[in-house]
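Just so it is clear, none of the values below were taken in a lab; they were calculated from the coordinates. Owing to the predicted nature of the structure, the values given are computational and were not obtained by experimental measurement. As a convention, Cβ positions derive from the backbone with ideal geometry for all residues, glycine included, and neighbour counts pool all protein chains shown.
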Amino acid sequence: MKELIGFGWEFTSPKERDARRKYGERERKKRHREREFVFLIKDFFSKAKGGLTLGEMGLLLFLARYMRFSEEGRLIFKSKRLSVSELAKLVKKSPSQVRRLLAELERRSLIFRIREGNNVYVELSEELFVCGSLNGENVKTVKIFKKTLGEVAKDLSLNELGFLMLMLESMHWRSHLLCSNSEEGDINKLNLLYKKDLPSKLGVSKDFVYRTLRKFQKLGVIAEVKEAKGGICLHPQIVSRQHINPNWEEICHCIESAQSKKYPKHDSEPA
């Protein structure tokens with residue numbers, strides 16, 4: 001047997017083979033799931049967003065749906081790399097308008113334009129979005145599900161997508177409620193953000209906030225939860241911050257199980 005092992009043969013017990021098979025299945029399932037979403041690196045976005053317009057932030061979120069697993073920021077549309085001219089068609093803007101948006105994002109190293117021959121392709125910075133493994137990095141993230149994002153993005157303007165991007169910063173990791181202490185472990189202690197708080201908190205006009213929230217509710221992006229005294233909850237089919245993605249029923253149960261009367265009153269804060 002030693003001679004066989006020396007020639008590269010390996011003997012394993014049925015129990016060991018079964019354990020390896022199960023491990024392989026888990027890894028394949030993990031890779032499959034990772035193809036379905038992108039990670040938004042939360043802390044990096046918080047630092048990078050200063051001075052960006054809603055339209056510029058919305059374009060970043062729009063582009064994220066075209067990331068592919070382990071493609072290092074490359075964007076793919078219909079099996080081809082996404083070009084600036086194709087992007088202009090997708091967002092229904094002129095090439096010059098898109099170039100202006102991209103110029104500011106590139107200046108901040110949030111996107112990159114790669115020229116190859118007559119084509120200019122767009123790539124996203126992996127400091128902001130990752131599609132694939134985080135390689136054990138201990139960073140706060142929001143998972144954004146590409147398919148669902150694509151379904152709602154076709155009905156939203158870039159400004160509305162930018163507003164959604166801002167909301168992700170305030171989404172509680174477990175309950176999906178918007179709050180000013182999104183890392184809090186006890187959902188009874190959340191400082192909830194209500195509609196009236198968002199204009200000052202996010203630096204957006206009241207009319208835009210109220211109009212966009214109505215649109216988000218119609219599209220199923222958010223819901224107002226009576227158990228949380230009208231708190232705003234983001235739908236888990238679009239985003240999640242948990243390792244195992246909850247469904248809507250689990251989110252509602254999480255909120256209902258809390259003693260809603262204990263939610264502290266939140267005073268509006270300046271952006």
Which distance in nm do the two modelled labels at K226 and H243 give, with both placed 7 Å along the Cα-to-Cβ direction?
3.6 nm
Using a simple charge model, +1 on the beta-carbon of Lys and Arg, -1 on the beta-carbon of Asp and Glu, nothing else, what dipole does segment 99-255 show about its Cα centre, in debye to the nearest 20?
580 debye
Under 5 Å between amide hydrogens, which residues at least 5 positions from G231 or on another chain qualify, with H placed 1.01 Å from N in the peptide plane?
V225
Can you list, bin by bin at 5 Å, the percent of alpha carbon pairs in segment 170-262, starting at 0?
3, 14, 25, 27, 19, 10, 2, 0
Kindly flag which residue pairs out of K92/K147; K154/K196; K140/K226; K42/K146 have an alpha-carbon separation exceeding 23 Å in this structure.
K154/K196; K140/K226
Calculate one ³J(HN,Hα) per residue across segment 236-250 by plugging θ = phi - 60° into the Karplus curve 6.51 cos²θ - 1.76 cosθ + 1.60, and present them in order as whole Hz with x for glycine and proline.
x, 6, 9, 9, 7, 10, 9, 5, 9, 5, x, 9, 4, 4, 5
